[in-house]
Amino acid sequence: MRIGELAARAGTTTRALRYYEARGLLPARRAGNGHRTYDEGDLRLLTQIRTLQDFGFGLEETRPFVECLRAGHPEGDTCPASLAVYRRKLAELDSLIGELQAVRATVGAQLERAERARDELAAEALVPGGPEPTCELGGTGQ
């Protein structure tokens, strides 16, 4: 198949295919007329790359999976190098989850503090002569 057909079947662009080719992830075969040619194996490589990228893997992180498929393995993730990338990605995700949980806890604590402060101001406003609460935009509070 030609580059346009492969791009259409894989749901990507010919520009992306040329980029993958330049990075050595997609083979650069040419027909006698100079047109790029691809086969079903190339579609499998491309599908593997795109799936991993959809999962958040960087392009270079897909290389071991592509090489595993090229080596004749039926799945691109059964080779030791692919498994190592999975392990690194899981460790990276676990770290990010930990960071996000810490940020979430901080934002939650800030929200609780802000709500208490708002409630205290509202209670003071009910006292005769108490302050009139205002919002950040300069209007009166709720």
So which residues in the range 45-54 are buried (at least 17 other Cβ atoms within 10 Å of the Cβ) and without any contact (Cβ under 8 Å) to a residue 40 or more places away in the chain? Leu45, Gln48, Ile49, Leu52
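Among the candidates Gly4, Gly32, Gly11, which residue alone is exposed (fewer than 15 other Cβ atoms within 10 Å of the Cβ), at positive phi and either at pLDDT 95 or above or not aromatic (Phe, Trp, Tyr) (or both)?
Numbers: Gly4 fails: at positive phi; Gly32 fails: at positive phi.
Unique residue meeting the criteria: Gly11.
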The range 55-91 - residue that is open to solvent by 70 Å² or more (accessible area, probe 1.4 Å) and in a loop (DSSP other than H, G, I, E, B) and, of those, farthest from Arg18 (Cα to Cα): Thr78
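The values are calculated or read from the model by the stated rules, or taken from the named source; none is laboratory data. Predicted, not measured: the structure shown is a model, and the values here were computed from it. Cβ sites come from the backbone with ideal geometry, for glycine too, and all protein chains shown count toward neighbours. Each accessible area value is taken on the protein alone, full model and side chains, heavy atoms only, with ligands, DNA and RNA left out. Shrake-Rupley method; radii C 1.70, N 1.55, O 1.52, S 1.80 Å.
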